[in-house]
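Trainee: Please read through the structure below; I'll follow up with questions.
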């Protein structure tokens, strides 16, 4: 009922998003587009996290992948999305069919879940996962642009926080579903992939039925004269023009530097599993704790970012990741406090960085190039995390997990400190991206 009512009201509220002042207070309505896309992401994340929750242990412990090979695979998940983020973003902006481009990405990922049933070797699995991540890359920027265009700039953090909270509900339920399947079917990885494929198809259906194209898209140009706002780029140079926006350039640089030292959660789960000597059947439950903290923190983090500055919150949000690394480095007894500490820190890290970064960029990008601009930022971060994952896997192989984790945590902490110092020197702080 709320979904259909909100969708009916979107045309009016989104068209007036910039001109009309937003209502005050915590109970103001969230646009129906945000809710609908959140539900699509919830269902899709159930599917994705069912697979993701079992893969690290399946590939490393079951199929014997080395840490270096797994680092390359983990990085491939990031890097495979990079070019398609830009392609998808540009196509979505040129055609103004953001829903269609996002739907193609969701459909590709759903097909890949089924393809896992016939992948028989570690690297055939890797190829399918690369295609799955390509689907994610294709859909992410158009989806985030639909969210950004559905609400006024002052509420970007809150809107993305609501979406990420719904998305994370799926991330919470997915590992539980995988755990349930493995509990019933011993070594039932094919059963996990089958259920995940069916759930992914449901997500595509929800997108087709309930998500509407953004009413904030620019109107069609008049006959014989292309429509171009004063800040719009000339034909053929959208990315170069966007990178001339100081706020976007600063966000790309910051997210890329931090991404180089961001230790992937799959590595942290593997290290935690080793410390605890956790049985394989319980491994999928580790992401559940992270997702639960993310779910509880996403909306508050978005609202805090709206008030204090999204760039500032994004930068400081990497400190909890350093805390998770330090807990695994220090001689903390293997037990519940260690598990809770690592998972809480990971959840806070994602809550303060994921949607907050997109909200920071959305507030400074022109509407007609919103998707391309978000794709540029996501590509910079994805490429940096690809390089970081490969480097971490290599360091683990050569030095061992402890020194590799120490190097990653030290580099991340130094990057956060450097970003804070530069913000003070500029006298503005990352708040300027709010």
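Trainee: Here are the criteria: (1) closer than 26 Å to residue 343 by Cβ; (2) surrounded by fewer than 24 Cβ atoms within 10 Å (Cβ to Cβ); (3) at pLDDT 80 or above. Tell me which single one residue 187 does not satisfy.
Mentor: Exception for residue 187: condition (3).
Trainee: Test each condition in (1) at pLDDT below 80; (2) loosely packed, with under 15 Cβ neighbours inside 10 Å for residue 218 and report the one that comes out false.
Mentor: Exception for residue 218: condition (2).
Trainee: Failed condition for residue 198, given (1) more than 20 Å from residue 89 (Cβ to Cβ); (2) surrounded by 19 or more Cβ atoms within 10 Å (Cβ to Cβ); (3) modelled with pLDDT of 90 or more, with all others met?
Mentor: All conditions are met except number (2).
Trainee: When you go through 329, 321 one by one, which is the residue that is under 20 Å from the mean Cα position of the chain (by Cα) and within 22 Å of residue 396 (Cα to Cα)? Before the answer, list the steps.
Mentor: Working: 329 fails: under 20 Å from the mean Cα position of the chain (by Cα).
None of the other options fit; the residue is 321.
Trainee: Shifting gears a bit: Got a sec? Which helices (runs of 4 or more DSSP H) wholly within the range 15-122 have at least 2 residues that are modelled with pLDDT under 90 and either crowded, with 24+ Cβ neighbours inside 10 Å or touching a strand residue (DSSP E or B) at 6+ places or on another chain (Cβ under 9 Å) (or both)?
Mentor: Details: elements: 32-57, 67-79, 82-95, 98-115.
Correct list: 32-57, 67-79, 82-95.
Trainee: May I pose another question? What number of residues in the range 418-434 are in a helix (DSSP H, G or I) and either at pLDDT 90 or above or surrounded by 20 or more Cβ atoms within 10 Å (Cβ to Cβ) (or both)? Walk me through it before giving the result.
Mentor: If we filter the range 418-434 for residues that are in a helix (DSSP H, G or I), which is where we start, we get 418-426, 430-433.
In the following step, the residues that additionally are either at pLDDT 90 or above or surrounded by 20 or more Cβ atoms within 10 Å (Cβ to Cβ) (or both) were identified as 419, 423, 430, 433.
So the answer is 4.
Trainee: Now a separate question. Would you check if residue 186 is farther than 27 Å from residue 278 by Cα, more than 20 Å from the chain's Cα centre (by Cα) and not in a helix (DSSP H, G or I)?
Mentor: On the way: farther than 27 Å from residue 278 by Cα: no; more than 20 Å from the chain's Cα centre (by Cα): yes; not in a helix (DSSP H, G or I): yes.
Criteria not met by residue 186.
Trainee: Counting only residues that are closer than 21 Å to residue 406 by Cα and modelled with pLDDT of 90 or more, give me the helices (runs of 4 or more DSSP H) lying completely in the range 244-347 with at least 1 of them.
Mentor: On the way: elements: 246-260, 265-276, 286-308, 310-316, 319-329.
Filter on the range 244-347 gives 246-260, 265-276, 310-316, 319-329.
Trainee: Continuing with the same structure: Being under 20 Å from residue 183 (Cβ atoms) and surrounded by 24 or more Cβ atoms within 10 Å (Cβ to Cβ) is the filter here; which residues of the range 284-299 pass it?
Mentor: Applying the first criterion (under 20 Å from residue 183 (Cβ atoms)) to the range 284-299 yields 284-289, 291-292.
Within the range 284-299, 284, 286, 287, 291 meet the criteria.
Trainee: From the list 171, 178, 165, exactly one residue is in contact with a helix residue (DSSP H, G or I) (Cβ under 6 Å, 6 or more places away or on another chain), touching a residue at least 12 places away in the same chain (Cβ under 8 Å) and surrounded by fewer than 24 Cβ atoms within 10 Å (Cβ to Cβ). Which is it? I'd like the intermediate steps shown before the answer.
Mentor: Values: 171 fails: surrounded by fewer than 24 Cβ atoms within 10 Å (Cβ to Cβ); 178 fails: surrounded by fewer than 24 Cβ atoms within 10 Å (Cβ to Cβ).
Step by step, each of 171, 178, 165 is checked, and only 165 is in contact with a helix residue (DSSP H, G or I) (Cβ under 6 Å, 6 or more places away or on another chain), touching a residue at least 12 places away in the same chain (Cβ under 8 Å) and surrounded by fewer than 24 Cβ atoms within 10 Å (Cβ to Cβ).
The values are calculated or read from the model by the stated rules, or taken from the named source; none is laboratory data. Bear in mind the structure is a predicted one, so any value in this text is a computation, not a measurement. Because the Cβ atoms are built from the backbone with ideal geometry, glycine has one as well, and the counts that use them run over all protein chains shown.
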